[in-house]
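Have a look at the structure below, then the notes.
Taken together, the values in this text are just the output of simple stated rules run on the coordinates, not laboratory data. This one's a predicted model, so the numbers in the text were calculated from it and none came from an experiment. Using ideal geometry, Cβ is built from the backbone for each residue, glycine included, and neighbour counts are taken over all protein chains shown.
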Amino acid sequence: MANSFRNDIFLDPLLLSWAVIGLLALNVVLSVVFAIFGVVIIAMPDWVAYAQDGGLITLLAVSVGMLGMLESPLRIVTGIVFLVWVYRTYNNLSALKSRNLEFSPGWAVGWWFIPFANLVKPFQIVREIFNESDPEFDAETGFLHISPGTPVEVGFWWAAFLASNVFYRVSDAFYGKGDEPASEYYAPFFLGGALLSVAAASLAIYIVKETARRQRVRYENVSRSFGSMDQPPPPPTFDQRI
């Protein structure tokens, strides 16, 4: 299938990639704190039990609760900046002479918001960005066709991302809506969600960083082989002797 869009201008994703990496790193730190709290809940449940006289909780629980208030805004900001990165890097693929792209830059973002489809399509989009940013180049055959296989890091990233959300939802269901947990089983799922979130964010950091590197190297290879892509081609010249 031919590309459904055309873009001849490459926009270096390096600075945007570092912004995404910084936000993902904050998510890693937050998830590590949650994981520590999950271990404490399992090992020493009295630390997070409510006091008999005033309903006060321990300092650790208060700290985690305050950090929890930052989680949703951080996730939203991270998601927005990450989708801007997805649009930028996917839009670069045409300028990088990628072929047979399945999506367009707009749909590379739009599929994230369509229920059920967003369980699969975002994974395929990131996989395509990563694969089609491959800088491997042969002077005679041009850019080699990238197999449809899934890189290990991309596969594990998506699996960890989905699993972390499932674990957190199950944990919330076990906790209930009261002041105290409705079930003791919420703690293991909370810990599992936190650990999987650490894994997902860490793998996402690698994918973002490596994709930026691959696109920059591929851009250099394309420029050497096809000339600069940032300027329009010169107008045609005609033989004035006719």
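Please compute the length gained on full extension between Val39 and Glu184, using 0.36 nm multiplied by the number of residues separating them and subtracting their Cα-Cα distance.
50.9 nm
Arrange the peptides 33-44, 115-126 so that the one whose residues have, on average, the most other Cβ atoms within 10 Å appears first.
The densest-packed peptide leads the list: 33-44, 115-126.
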